[in-house]
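The values are calculated or read from the model by the stated rules, or taken from the named source; none is laboratory data. Please read these numbers as outputs of a predicted model, since none were measured by experiment. So basically every Cβ, Gly included, is an ideal-geometry build from the backbone, and we count neighbours across all protein chains shown. Just so you know, the surface numbers come from the protein's heavy atoms only, side chains and all, with ligands and any DNA or RNA stripped out. Shrake-Rupley method; radii C 1.70, N 1.55, O 1.52, S 1.80 Å.
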Amino acid sequence: MAKKHSSFLVAFPVSSVYFGALVGPSMVSGVFAAVYFAPYGAWGLILPLVTMGLAAFIVACGMIGVSHWGVYDYSSYAKKLYGPASPILSPLLEVFLILAMIVGGSSVIAMGGTFFNSLFGMPVFAGALLMALVSSLLVLWGANLVRKSSTFMTIVLVAGFFLLVIFAAKTKAQRLSSIIAGWEVPQSVTFLSGVGPALSLGLSHASNALTLSSVSQNIRTKKDACMVGLISFVLNGAAFIACTVLILPYCPQALNESVPNLYIINTFLVEQAPWLPMVYSVVMFFGLASSGAPQLHAVASRVLPLYPASWNMKDLTKNIITSVLYMAVCIAISFLGLQTIISKGYGLLGSLALPLIVIPLCIVMPIRLLLKK
């Protein structure tokens with residue numbers, strides 16, 4: 001008797017990979033909430049659903065392409081998606097993905113500089129260099145180490161993050177209840193004023209619709225694809241809401257801090273839980289390392305084939321050169337400040353993703369499939 005196919009069991013591992021990629025240091029630090037959600041008061045608890053509604057829809061469309069074309073890497077996917085325009089658009093997609101890695105890497109380096117400054121009192125620039133070194137060392141020993149370390153660090157990151165959310169919300173439970181019951185919103189702020197930034201953040205994650213194809217070999221039906229979108233919406237939407245719940249009772253003071261959650265811990269929570277700063281430090285370190293290393297690895301693996309064969313260099317040497325160049329760019333951009341990188345950088349990615357990924361994937365592809373082209 002054939003085993004019954006379960007779309008949920010097939011889709012959940014794919015959605016979990018997306019969840020692990022999303023719950024990184026930008027979320028655990030509170031910067032996502034401080035930039036995109038908390039400034040809108042109680043509406044900040046609804047806006048994450050706007051962000052993830054769009055992002056999950058794009059991912060579901062991406063999975064439909066996987067189930068139809070049977071492509072399991074983003075390069076092959078791009079050729080199918082762009083069709084005759086692939087020779088022009090595929091290289092642009094490569095540039096977009098490297099740009100996304102630079103934006104992500106710059107935010108990690110900026111956060112690392114601030115983190116090591118607050119933890120050890122070292123200069124921010126020295127902290128940024130140390131963060132770059134940690135990420136580079138993980139990558140130089142290859143994909144296997146990156147995978148193993150990232151899996152462990154993601155588990156620590158997620159567990160620590162939700163522990164922090166529960167503790168912080170419990171401490172300010174009365175204030176949080178007051179915000180929700182009275183639906184407190186800052187003056188001159190409306191729900192619609194937050195929709196634009198929320199949609200922009202959702203668009204900035206559009207590349208996941210293609211890169212998740214590498215773990216989507218079991219997605220075979222449209223129902224499977226839609227289930228990936230639904231589970232991603234629930235998991236990631238809950239994570240963004242939890243992030244906002246953590247910071248909202250401590251606003252507006254926390255909005256002006258480069259690392260809001262660290263400010264909340266050191267200012268409001270440390271007396272009740274002297275152990276919390278150390279736990280948070282461990283969680284943030286693992287979060288920074290688990291986010292920085294895979295992004296550098298993704299850039300290094302894309303650049304590796306571009307080195308001329310006549311240079312006759314080992315892969316390790318090429319990765320060292322790529323690491324130095326990539327980290328130099330990220331360190332330079334990190335001086336713009338973490339909140340600037342998160343707001344402007346992800347906004348730029350969202351704008352570029354619209355013509356490169358969202359329109360071809362969510363509008364053109366369904367028409368082509370309907371017409372069987």
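Here's a check for you: in the stretch 206-243, which residue that is of a type in the set (Val, Ile, Thr) and buried (at least 24 other Cβ atoms within 10 Å of the Cβ) is nearest to the chain's Cα centre (by Cα)?
From the stretch 206-243, those of a type in the set (Val, Ile, Thr) are 211, 215, 219, 221, 228, 231, 234, 241; that's our starting set.
Then keep just the ones that are buried (at least 24 other Cβ atoms within 10 Å of the Cβ); that gives 219, 228.
Numbers: ILE219: 22, VAL228: 17 Å.
That would be VAL228.
Rundown of residues vs (1) among the aliphatic types (A, V, I, L, M); (2) out of contact with any Phe, Trp or Tyr (no Cβ under 7 Å at 6 or more places or on another chain), yes/no style:
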| residue | (1), (2) |
| --- | --- |
| GLY41 | no, yes |
| LEU45 | yes, yes |
| VAL50 | yes, yes |
| SER67 | no, yes |
| ALA78 | yes, yes |
| SER86 | no, yes |
| LEU89 | yes, no |
| LEU92 | yes, yes |
If GLY292 satisfies every condition in (1) part of a helix (DSSP H, G or I); (2) in contact with a Ser or Thr (Cβ under 9 Å, 6 or more places away or on another chain); (3) under 18 Å from VAL103 (Cβ atoms); (4) modelled with pLDDT of 80 or more but one, which is the exception?
(4)
Within the stretch 169-182, tally of residues that are surrounded by 16 or more Cβ atoms within 10 Å (Cβ to Cβ) and over 17 Å from ALA42 (Cβ atoms):
1
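Out of all the residues in the stretch 244-267, which are in a helix (DSSP H, G or I), of a type in the set (A, V, I, L, M) and under 22 Å from the mean Cα position of the chain (by Cα)? Step through it out loud before you land on a result.
Going through the stretch 244-267, the residues in a helix (DSSP H, G or I) turn out to be 244-250, 253-256, 260-267.
From what is left, the residues that are of a type in the set (A, V, I, L, M) are 245-248, 254-255, 262, 264-265.
Hits for the stretch 244-267 are VAL245, LEU246, ILE247, LEU248, ALA254, LEU255, LEU262.
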Mind listing whichever residues of the stretch 83-122 are without any contact (Cβ under 8 Å) to a residue 12 or more places away in the chain and out of contact with any helix residue (DSSP H, G or I) (no Cβ under 7 Å at 6 or more places or on another chain)?
PRO84, ALA85, PRO87, ILE88, PRO91, VAL95, PHE120, GLY121
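For TYR280, are the conditions met, namely being touching a helix residue (DSSP H, G or I) at 6+ places or on another chain (Cβ under 9 Å), modelled with pLDDT of 85 or more and not small (Gly, Ala, Ser)?
On the way: touching a helix residue (DSSP H, G or I) at 6+ places or on another chain (Cβ under 9 Å): yes; modelled with pLDDT of 85 or more: no; not small (Gly, Ala, Ser): yes.
No, not satisfied.
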Some residue of the stretch 103-116 being open to solvent by less than 10 Å² (accessible area, probe 1.4 Å), more than 20 Å from LEU338 (Cα to Cα), of a type outside the set (S, T, N, Q) and at pLDDT below 95
no
Pairs where the first residue, in the stretch 162-182, is farther than 15 Å from LEU269 by Cα and the second is outside any helix (DSSP H, G or I) and open to solvent by 50 Å² or more (accessible area, probe 1.4 Å), C-beta under 9 Å, 6+ apart
SER178/GLU184
Look at the stretch 341-369 and say how many of its residues are open to solvent by 60 Å² or more (accessible area, probe 1.4 Å) and under 19 Å from the mean Cα position of the chain (by Cα).
5
